[in-house]
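Taking it in order: structure first as structure tokens, then the write-up.
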Amino acid sequence: MKSRNTIIGLFSLFVVANAYAQRKPHLDSKKTIEERITLLMNEMTVEEKVGQMNQYNWSWDVTGPAPKGGVSKLKLDHLRQGWVGSLLSVRGAKEVRAVQKIAVEETRLGIPLIIGFDVIHGYKTLSPIPLAEAASWDLEAIRKSTAIAAAEASAAGINWAFGPNVDISRDPRWGRIMEAAGEDPYLGSKIATARVKGFQGDNLAENNTIAACAKHFAAYGFVESGREYNTVDISNATLYNVVLPPFKAAKDAGVRTMMNAFNLLNGIPATSNSFLQRDILKGKWDFDGFVVSDWASIKETVTHGFAKDGSEAVQKSVMAGSDMDMESYLYVAELVKLVNDKKVKIELVDDAVRRILRVKYELGLFDDPYKYCDEAREKTTIGSQFNNEGVLDMAKKSIVLLKNENQLLPLKKSGQKIALIGALANDKTSPLGSWRIASNDNTAVSVLEGMQKYKGNQLTYDKGTDVTVGKTTFVQELEFNTTDKSGFEAAKNAAQNADVVVMVLGEHGFQSGEGRSRTNIDLPGNQQELLEEIFKVNKNIVLVLNNGRPLTIPWASENIPTIVEAWQLGTQSGNAIAEVLYGDYNPSGKLPISFPRNVGQIPIYYNHFGTGRPVNSDTNVFWSHYSDVENTPLYVFGHGLSYTSFGYSNLKINKAVFEKDEPVKVSVTVTNTGKYEGKEVVQLYIRDLNGSLVRPVKELKGFELVNLKIGETKIINFTLTNAELGFFDNNGNYLVESGMFKVFVGTNSNDVLESEFELK
Ligand code: BGC
């Protein structure tokens, strides 16, 4: 009986849906998406088209709940009039349903909204910050961690992530370096692909996959002197070879949207940059998704001095291919008039609207606008055990062992007195990092909690010093480095009586992120002093760093025997760190970015060009160097140790001379020569020795994550093709040039075996 009712129910639903589809043919799912878009656009007024290009922040403060006053009347009115195509920062199945209902039931055409959100490293259950995840070099783990983020966000009504951030950056002063994958375009491209797949899955129409957004197009990571929102002035060759590859990889992986950037690129705001958006992205690359502006970046083209007023800003941005206006309120104010005055061709508006509607159709929003608004799913998905296990796995894989002299690590599981010191060791918020809008303070597992689970040792905890005083939020800096040293004595006493001291030092969770550029990237506050004071009474220190960017730690690097780079590892941070400290997880992370010795070396990156005077051939000063510090970084790109050791031998190239299209086969033998099973990231670099444009001294062109049991040996194979051997010239032409190439394979970008071949 029940099933008969169900059949009748389904049948009536079908009849109703069919009748509805007949009245609104763009809802007929038997038609192709492009046909449906055409049918819908035939019905749309210019105002409604422009409405699709308008995105509002739904008045949620980016860090908190909806204000009591609700959203502004203007925004609500616009929503009801069908002048809003997208909202950002509305979240929660119930809340999204409420706004979607207005769009679907109260507007003339009932076009559903696409709901964007900054899903940067998880939604509520947070994975490590993206820079940390990049240190895993584990693409499948990154894909899975992003899929968890997509599952949680989609369960909260969100169907569009403003991620991945694929900005390559060489400047740790820039606070947003925490948000992307580091300094290398090859690694960055692989990670971009993994993240797009993680968000979008195999089928965008599933209710647990969401549209991804590669950002910020382009070159935002190159802001001068690392100062937020600053100018970018780089060569086209750098743009093509370093900045664009991760965007191209995201495009090839099917990313459905891109976000442009706040910065100027060579004198033209990225937001109004036709060369970037029309010529490259939508021209050469044939990208058929849409481009959203960054927050008010259309308006800022006036502040930059590019457009003379709002109207011209809109004209230039639409013409340059910015399809959606995030929070400038300008498309909605100016674009209809510009079209009517024939200053912007309707074809450009139509193209933008078609792109936006395409993504909405692909998400399945026209078939079921409420598909992401299931409160029951929201309850079971967010914070699930599965998600927590996933982010824990990712967190362990993101940890980099920088130094382990005297094998202080792994810690013995019993019989030791351990003094845990540092405010960050007992911090349940900072490990969440920046960009954690939907998560709550105090929800990370602290290092103290993680270590307390190992009961065989005697563990004491002393703060020593705070990192900061005051209360900083995502949007405001109200907090300053502390100068209070009243906790030093107690910490010193504890250290004196301990066998091993574990010190957790670094940055407060909001000392990196958007708007958090710094010129001093030493350990903040008086943490350096605390470290040196503790060292005076006990040299057996394991320094665990929590930070969103490379820090300058030359003293620690010279004096402290063991250093663990633990970044900001998200919800499961303390559990991951404890497992690594106690050897239940053997660290395998490798730095995705160089660590400078001091700020004066920045920008410092491994894939730099040589100079005409790279070495001191004489004793004079006339060579490329500093008088006061070495040229090399403190820790090189790709560096990371394990509790075991790996031996490299037998680097072979299958031939000496190759034709242009012939694959170059490289192999190397790697052996686990230590006492633990472990994973190693085997890295391959090349150098194109001469070219019509000089090529970098090393370029990563392959890597493999390999697990080796004690004593085990594996042969690792790489293949180099034209895709790895060529480069872009300043006009964007891809060239594969004849000549000699060096090949380097090793455990990091510095310690490598070397061979060479010729390309005819
Ligand atoms: C950031 C973007 C972000 C947007 C929306 C901007 O300030 O640059 O990356 O997606 O805000 O929150």
Just order 194-205, 157-168 by mean Cβ neighbour count inside 10 Å, highest at the front, would you? 157-168, 194-205
FRET efficiency for THR669 and LYS412, Cβ-Cβ distance as r, R0 = 41 Å, nearest 0.05? 0.80
Could you check the simple spin-label distance between ASP341 and LYS485, using points 7 Å along Cα→Cβ, in nm with one decimal? 6.5 nm
Estimated vicinal HN-Hα couplings, Hz - segment 691-701 in sequence order (Karplus 6.51, -1.76, 1.60; Gly, Pro = x): x, 5, 10, 4, 9, x, 5, 7, 9, 5, 9
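Just how large is the dipole of the chain about the Cα centre, in debye to the nearest 20, putting +1 at every Lys and Arg Cβ and -1 at every Asp and Glu Cβ? Display every interim value, and only then the final one.
Details: 84 positive and 90 negative charges, 305 e Å.
In total the dipole reaches around 1460 debye.
To the nearest 0.05, what FRET efficiency results for LYS308 and LYS24 with a Förster distance of 56 Å applied to their C-beta separation? Walk me through the numbers before you get to the answer.
Numbers: r = 42 Å, r/R0 = 0.75.
With R0 = 56 Å, the Cβ-Cβ based efficiency is 0.85.
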Could you give each residue of segment 709-718 its phi-based ³J(HN,Hα) in whole Hz, using Karplus coefficients 6.51, -1.76, 1.60 with θ = phi - 60°, and x for Gly or Pro? 6, 4, x, 6, 10, 9, 9, 9, 10, 10
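Check each of the trypsin sites (Lys or Arg not before Pro) in segment 291-390 and keep only those in coil by DSSP with at most 14 other C-beta atoms within 10 angstrom; list them in order.
Details: sites: LYS299, LYS308, LYS316, LYS337, LYS342, LYS343, LYS345, ARG354, ARG355, ARG358, LYS360, LYS371, ARG377, LYS379; in loops: LYS308, LYS342, LYS343, LYS345, LYS371.
Answer by residue number: LYS308, LYS342, LYS345.
What full-extension length gain, to one decimal in nm, is calculated for GLU529 and PHE622 as 0.36 nm per residue of separation minus the Cα-Cα distance? Spell out each step's value before the answer.
Details: separation 93, 0.36 × 93 = 33.48 nm, distance 3.72 nm.
So the extension gain works out to 29.8 nm.
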Interchain or long-range residues, amide H under 5 Å from TYR635's placed H: PHE595
Keeping every protein chain in place, order ASP499, ASP28 by accessible area at 1.4 Å, biggest value first, i.e. largest first. ASP499, ASP28
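Evaluate E = 1/(1 + (r/R0)^6) for ASN559 and GLN476, where r is the Cβ-Cβ distance and R0 equals 45 Å; express this FRET efficiency to the nearest 0.05.
Values: r = 36 Å, r/R0 = 0.81.
About 0.80, to the nearest 0.05.
Go through segment 630-730 and name the GluC sites (Glu not before Pro) that are in a DSSP coil and have 15 or fewer other Cβ atoms within 10 Å of their Cβ.
Those that pass, being in a loop and sparsely packed, are GLU630, GLU659, GLU712.
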As a test question: what accessible area, to the nearest 10 Å², does TRP623 have when a 1.4 Å probe is rolled over all protein chains in place? 70 Å²
Working with all protein chains in place, sort ILE382, ILE142 by solvent-accessible area computed with a 1.4 Å probe, largest first. ILE382, ILE142
How large is the dipole of segment 98-230 about the Cα centre if only Lys and Arg carry +1 and Asp and Glu carry -1, each at its Cβ, rounded to the nearest 20 debye? 80 debye
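Note down the relative contact order for the chain as a percent, whole number, built from C-alpha pairs under 8 angstrom at least six residues apart. Display every interim value, and only then the final one.
On the way: 1839 pairs, mean separation 98.0, N = 760.
13 percent.
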Only Lys, Arg, Asp and Glu count, each charged at its Cβ (+1, +1, -1, -1), so figure out the dipole size of segment 646-759 about its Cα centre, rounded to 20 debye. 360 debye
Report SER649's accessible area, 1.4 Å probe, all protein chains in place, as a number in Å² to the nearest 10. 50 Å²
Could you tell me which trypsin sites (Lys or Arg not before Pro) in segment 431-485 are loop residues by DSSP with no more than 10 other beta carbons within 10 angstrom of their beta carbon? LYS455, LYS471
Under the 0.36 nm per residue contour assumption, what length would be gained going from the current alpha-carbon distance of GLU662 and TYR370 to full extension? 99.9 nm
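Based on the mean of other beta carbon atoms within 10 Å per residue, what is the order of 528-541, 396-409, 607-620, most packed first?
Working: 528-541: 18.3, 396-409: 20.5, 607-620: 11.0.
Most protected by this proxy first, the peptides run 396-409, 528-541, 607-620.
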Output the pairs from LYS282/LYS343; LYS428/LYS675; LYS215/LYS428; LYS144/LYS371; LYS453/LYS485; LYS665/LYS760 with a Cα-Cα distance over 24 Å in this structure; if there are none, say none. LYS428/LYS675; LYS215/LYS428; LYS453/LYS485
How would you order 175-182, 252-259 from highest to lowest mean count of nearby Cβ atoms within 10 Å? 175-182, 252-259
Where a Cα-Cα gap under 12 Å defines reach, which aspartates and glutamates qualify for LYS655, not counting those fewer than 8 residues away within the same chain? GLU756, GLU758
As I understand it, the dipole of the chain uses +1 on the Cβ of Lys and Arg and -1 on the Cβ of Asp and Glu, about the Cα centre. Which of PHE262, ILE593, PHE290 lies farthest toward its positive end? PHE290
The long-range amide H neighbours of LEU543, using H built 1.01 Å from N in the peptide plane and a cut-off of under 5 Å, are MET503, THR562, ILE563, VAL564
So what is the relative contact order of segment 151-239, in percent, for Cα pairs below 8 Å that sit 6 or more residues apart? 38 percent
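The values are calculated or read from the model by the stated rules, or taken from the named source; none is laboratory data. As the structure is a prediction and not an experimental result, all values here were calculated from the model. Don't worry about glycine lacking a Cβ; one is built from the backbone with ideal geometry, like all the others, and counts go over all protein chains shown. These accessible areas exclude ligands, DNA and RNA; they are computed on the full protein's heavy atoms, side chains included. Shrake-Rupley method; radii C 1.70, N 1.55, O 1.52, S 1.80 Å.
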